[in-house]
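S.K.: Encoded as C-alpha cells, here's the structure I'll be asking about.
The values are calculated or read from the model by the stated rules, or taken from the named source; none is laboratory data. This is a predicted model, so every value here is computed, not measured. Positions of Cβ are generated from backbone atoms using ideal geometry, with glycine treated the same way; all protein chains shown enter the neighbour counts.
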Amino acid sequence: MIKQNLFHIRQKIDSICAKIAKEAREITLVAITKGGTIEQIREAIEAGITDIGENKVQEAALKYSSLQAIGYGLGTIKWHLVGHLQTNKAKEAIRVFDLIHSVDSLPLAFEINKQAANLGKIQDILIEVKTSPEETKFGFTADEAALVIKELFKLKNINIKGLMTIAPRVDNPENTRPYFRNLRELKNKINQLTHQRLTILSMGMSGDFEIAIEEGSNMIRLGRAIFRNS
Ligand SMILES: *Cc1c(COP(=O)(O)O)cnc(C)c1O
C-alpha cells in the first residue's frame, strides 16, 4: 500500500512540476511517521523515502534507535522535527534531528543555539510562521518573523534554512493558496534583507500539497497520503 501510495504521490508531484516548469527532484518529500510503526517506516524507506518527520522528540528518538538497530538509516536518512518543541527538550532534539521545522519563539531559538554550541553542532532550522490567525497554532506572525530574523542570523550555532507553515484546515484545498503565497512572499522579502539566505519553504500536507507546490513549496510533509490503507 505504502509503495502504491508513494507511486501516486510522485506522479502528482511530477505533473505539477511539469506545469510550473520545475524539476520534481527540487521537491523534498518528508514522510510524516507520527503514530506509525517501525515496520511502516521501513516500508517507506524501501520505497525510496529518505526524509522522516516526527512531531515528538521522544517518539522519534525511540524510532531512530530501533531503525539503527536493524540497520536502517545509518547516515542516509534525514530526520525532521515538525511538531512544537518545548525548550527543555531542545538538547535531545538536537541529538536526533537534522532539521527542526518548528522554531516558533525567540527563547526556543536561543536555547537551540546554546545547546547546539554545547554539543558542537550547527543545527539546521526553519522558522515556523503562523500564516492564518487561528489562536491555537504556534509560530511567529509574518511581521514578527521579518523583524527578528536578522537577530537570529547572528546566532552562530543555528543555521536558518527557510520557513515553515501549516495551512488551516479548509474544505476546499484551493482556499489554502493565499496562506502559501504569503509564506513565499515573506521568504522573498527576507531574502532581499539578508542576501538570499533562505532556501527552504516547508509547506503542504496530504490535503493541500499540490497547491503548496504550485505556490513555491520545495518541502512537503505527508502523513496520511503515504500511510493510509485505501
Ligand atoms: C501530522 C503533520 C503533517 C502530516 O499531516 P497529513 O495531513 O497526515 O499529511 C505535516 N506537518 C505537520 C506539522 C504535522 O503535524
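S.K.: Is it true that PHE110 is in contact with a strand residue (DSSP E or B) (Cβ under 8 Å, 6 or more places away or on another chain), surrounded by 13 or more Cβ atoms within 10 Å (Cβ to Cβ) and aromatic (Phe, Trp, Tyr)?
M.R.: Considered against the rule, which asks whether it is in contact with a strand residue (DSSP E or B) (Cβ under 8 Å, 6 or more places away or on another chain), surrounded by 13 or more Cβ atoms within 10 Å (Cβ to Cβ) and aromatic (Phe, Trp, Tyr), PHE110 comes out as no.
S.K.: If I go through the stretch 191-230 residue by residue, how many of them are in a loop (DSSP other than H, G, I, E, B), away from the ligand (no atom under 13 Å from the Cβ) and either buried (at least 20 other Cβ atoms within 10 Å of the Cβ) or touching a residue at least 12 places away in the same chain (Cβ under 8 Å) (or both)?
M.R.: Residues that pass the stated criteria total 8.
S.K.: Only residues that are within 21 Å of ILE166 (Cβ to Cβ) and not in a helix (DSSP H, G or I): list them for the stretch 4-48, please.
M.R.: Within the stretch 4-48, ILE27, THR28, LEU29, VAL30, ALA31, ILE32, THR33, LYS34, GLY35, GLY36 qualify.
S.K.: Here's another thing I want to ask about it. Conditions: (1) in contact (Cβ under 8 Å) with a residue 12 or more places away in the chain; (2) over 15 Å from the mean Cα position of the chain (by Cα). PRO133 meets all but one. Number of the miss?
M.R.: (1)
S.K.: Something else about it: Please verify whether ILE100 is under 19 Å from LEU201 (Cβ atoms), modelled with pLDDT of 95 or more, in contact with a helix residue (DSSP H, G or I) (Cβ under 7 Å, 6 or more places away or on another chain) and surrounded by 15 or more Cβ atoms within 10 Å (Cβ to Cβ), treating the condition exactly as stated.
M.R.: Here the answer is yes, as ILE100 does meet what is asked.
S.K.: Please state which one of LEU67, LEU62 is of a type in the set (A, V, I, L, M, F, W, C) and surrounded by fewer than 15 Cβ atoms within 10 Å (Cβ to Cβ).
M.R.: Unique residue meeting the criteria: LEU62.
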